Amino acid sequence: MATEEQDIQAVEAEHLLQVYKRVPIVLTRGKGSYVYDTEDRPYLDFLSGIGVASLGHAHPGLAAAVADQARTLLHTSNLYYHPFQGQLGRRLAALSGLPRAFFCNSGAEAVEGCLKFARRYWHTRGETARTRIVALERSFHGRTFGALSTTWEPRYRAPFEPLLEGVAFVSPTDPDALDTAVGSDVAAIILEPIQGEGGVWPLSPEFVAAVTAACERTGTLLIADEIQCGLGRTGAPFHSATVGLHPDLMALGKALGAGVPIGAILMSQDVADAISPGDHGTTYGGNLLACRAALVFLDAMEHGGLDRVRVAGTRLAAGLRALATRHPVITDVRGAGLMRGLEMTVEAATRVVDGALAHRLLVNRAAGRVVRMLPPLTVSDEEIDEGLQILDAVLGE
Ligand SMILES: Cc1ncc(COP(=O)(O)O)c(C=O)c1O
């Protein structure tokens, strides 16, 4: 007789579009930093659904707020006011210094909106030919057409060409190339302050300085994709501020709803002034449920959450560096806060991820050769130590 797990996998194999190579486990519940499979076996979750379950799983405060909201009013559309969008916009403005917000439903949608708003900004100013975008090699901004056009990995893009015209990719290790690429025909530079999917690569201070100089020289807008590295992940509200970048637009997603889908675009008043009613919109974006969840998340971050990430991130980094000294297969340790990557060969990274799964630790590979960790922002010291011990054992094997 087939197990519950086999039944679930079989129905997916028959009826779902096969675009995901899933890890062959079925997860049915979670608590804190652990998720549980159909046999109720716990897995230490060092990925948090790719940086989404920011408050861990089944967070009591979030669960209560979501349940209360479901009983009260879930959705109104953007035809009407509701109490939470303005509150959330105000809170994000205070954290980012960007006074205006547009809410959407995912990271890719936030990137898409940023690209549209950058184009609209120059169009409104009469510079209708100023449409080019400079993006970075190793970038990942999402899978919709605009976001995909600015995503580096050629194998993601090639089957869907032609994409958005006028996107140039620059190496994030070549400040001079950036300087050359950014002229007065470029609408915006888009970058991740720490490249996530590309292999957990922080931008160098030299590259950050080149971005700032290019934007000052030409007036080009800066779009920071903080979808993975922002919202507390590195111990600060946004990583752009930590590295000294001053974006005109910011794309947010992932951690913001702590598991409830929500994305956001934050922007300067100058950008907002260029946009008119009807230029953009969404049915679901910023509904009561999603905004309420995001407010719970921000409360947690502002009441000790960020301090916790800094302490936990330091502990994780120290532990990973210690692993690198013991296991020469690790050739680099990168990241900040609770966004970390261990570089090794593709083969070693595959074996480490599989070995960790066998020990019921969830990590994954970014860019093939980097073992990536994005634990919940609420992860405890004991859980970090447990994860490090498992990695040590797996690396030893
Ligand atoms: C930096 C970055 N931008 C954009 C995206 C796309 O977000 P979503 O998958 O919510 O569309 C991701 C997702 O991994 C990301 O890491």
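Looking at ALA264, ALA251, ALA294, ALA312, can you tell me which residue is more than 16 Å from the ligand (Cβ to nearest atom), small (Gly, Ala, Ser) and touching a residue at least 60 places away in the same chain (Cβ under 8 Å)? Every option except ALA312 fails the conditions.
Hey, does the range 110-130 have a residue that's within 16 Å of the ligand (Cβ to nearest atom), farther than 30 Å from GLU382 by Cβ, in a strand (DSSP E or B) and in contact (Cβ under 8 Å) with a residue 12 or more places away in the chain? No, every residue in the range 110-130 fails to be within 16 Å of the ligand (Cβ to nearest atom), farther than 30 Å from GLU382 by Cβ, in a strand (DSSP E or B) and in contact (Cβ under 8 Å) with a residue 12 or more places away in the chain. For the range 191-229, the candidate set comprises residues that are without any contact (Cβ under 8 Å) to a residue 40 or more places away in the chain and acidic (Asp, Glu); within that set, the residue that is nearest to the ligand (Cβ to nearest atom) is GLU226. Condition first: within 16 Å of the ligand (Cβ to nearest atom) and touching an Asp or Glu at 6+ places or on another chain (Cβ under 7 Å). Now tell me which residues in the range 157-190 satisfy that. If the condition is that a residue be within 16 Å of the ligand (Cβ to nearest atom) and touching an Asp or Glu at 6+ places or on another chain (Cβ under 7 Å), then PHE169, PRO172, ILE190 are the ones that fit. The single condition from (1) farther than 12 Å from ARG233 by Cα; (2) of a type in the set (Gly, Ala, Ser); (3) in contact (Cβ under 8 Å) with a residue 40 or more places away in the chain that ALA317 fails is (3). Quickly run through the range 300-320 and pick out the residues that are surrounded by 14 or more Cβ atoms within 10 Å (Cβ to Cβ) and of a type in the set (D, E, K, R). GLU302, ARG308, ARG310, ARG315, listed by residue number. Inspect all residues belonging to the range 333-349 and state whether any of them is more than 22 Å from PRO202 (Cα to Cα) and out of contact with any Ser or Thr (no Cβ under 7 Å at 6 or more places or on another chain). Checked against the condition, which is being more than 22 Å from PRO202 (Cα to Cα) and out of contact with any Ser or Thr (no Cβ under 7 Å at 6 or more places or on another chain), the range 333-349 yields at least one hit. Within the range 82-109, the set of residues being touching a residue at least 12 places away in the same chain (Cβ under 8 Å), more than 16 Å from the ligand (Cβ to nearest atom) and assigned to a helix (DSSP H, G or I) comprises PHE84, GLN85, GLN87, LEU88, GLY89, ARG91, LEU92, ALA93, LEU95, SER96. Selection over the range 61-81 of residues that are aliphatic (A, V, I, L, M), assigned to a helix (DSSP H, G or I) and surrounded by fewer than 12 Cβ atoms within 10 Å (Cβ to Cβ) gives a count of 2. Counting only strands (runs of 3 or more DSSP E) that sit completely within the range 1-60, zero hold 2 or more residues that are modelled with pLDDT of 95 or more and more than 30 Å from MET301 (Cβ to Cβ).
The values are calculated or read from the model by the stated rules, or taken from the named source; none is laboratory data. Keep in mind the model is a prediction, meaning the values are calculated, not measured. All Cβ positions, even for glycine, are placed from backbone atoms using ideal geometry, and neighbour counts span all protein chains on display.
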